[in-house]
Amino acid sequence: MTMAEMTEPTSLPLATTPADPRRIGLRLALAAVALPELIDATVGAWLVGDLSGLSAVVKLNLTLHPVLALSALVFAAIGYVRHAILALGAAVILAWLILMPSVGGHGYVFAVFFATLQTSAQIIAFPLFGAGAIALAARGERLGLATLLVSIPILSNLFNELAFLIGVMIYGF
């Protein structure tokens, strides 16, 4: 065997090349986050009904949020993890945009500690989580971290809605 034959890269037959990882765990996690987000966005748009008299940002959120959540669910189901993260990240940033008119009009008000902590997370941390998840997914790096970053705001908002619903069921409205 000559030196040239030993240094040439050998290509493996097609049957022995490693398969592309399926990322089943990420797909299930993204689907588990996208499904309640889709239900929440659809019910929210259905309850509002007529969009006349609403601001443009709220109309944009009510129309695009269900589409983004549905696309994230479909992308997660067919295996496009990066695209599902991008769709959920866009939904997180879109949800953040509807808070901006109230913050711009009234300023950032410090009140009770828990309310301030929750508001600070929604105004400061959640859009950073969404943007970070979008950046990681766009580069195709650390998709597990991107899934975690995009899931935190969605699950936090879902937890807050469930806590409110339980409080209304116990104490009334």
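The values are calculated or read from the model by the stated rules, or taken from the named source; none is laboratory data. All values derive from a computational prediction rather than experimental measurement. FYI the Cβ positions are ideal-geometry reconstructions off the backbone, even for glycines, and counts take in every protein chain you see. For accessibility, only protein heavy atoms count, side chains too; no ligands or nucleic acids. Shrake-Rupley method; radii C 1.70, N 1.55, O 1.52, S 1.80 Å.
See the values below:
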{"quantity": "M169-E141 pseudo-label distance in nm [points 7 Å out on the Cα-to-Cβ vector]", "calculated": "4.4 nm"}
{"quantity": "Ranking by accessible area, most exposed first, for D50, D40 with a 1.4 Å probe", "calculated": "D50, D40"}
{"quantity": "Net lengthening on full extension, M100/L148 (0.36 nm per residue, minus Cα-Cα)", "calculated": "14.9 nm"}
{"quantity": "Backbone HN-Hα couplings from phi across the stretch 158-173 [Karplus 6.51/-1.76/1.60, Hz, Gly and Pro as x]", "calculated": "5, 4, 5, 5, 5, 5, 5, 4, 5, x, 5, 5, 7, 9, x, 9"}
{"quantity": "Inter-label distance for A125 and A56, nm, one decimal - labels placed 7 Å from Cα along Cα-to-Cβ", "calculated": "3.2 nm"}
{"quantity": "List F126, F173, F75, F159, ordered by accessible area with a 1.4 Å probe, largest first", "calculated": "F173, F159, F75, F126"}
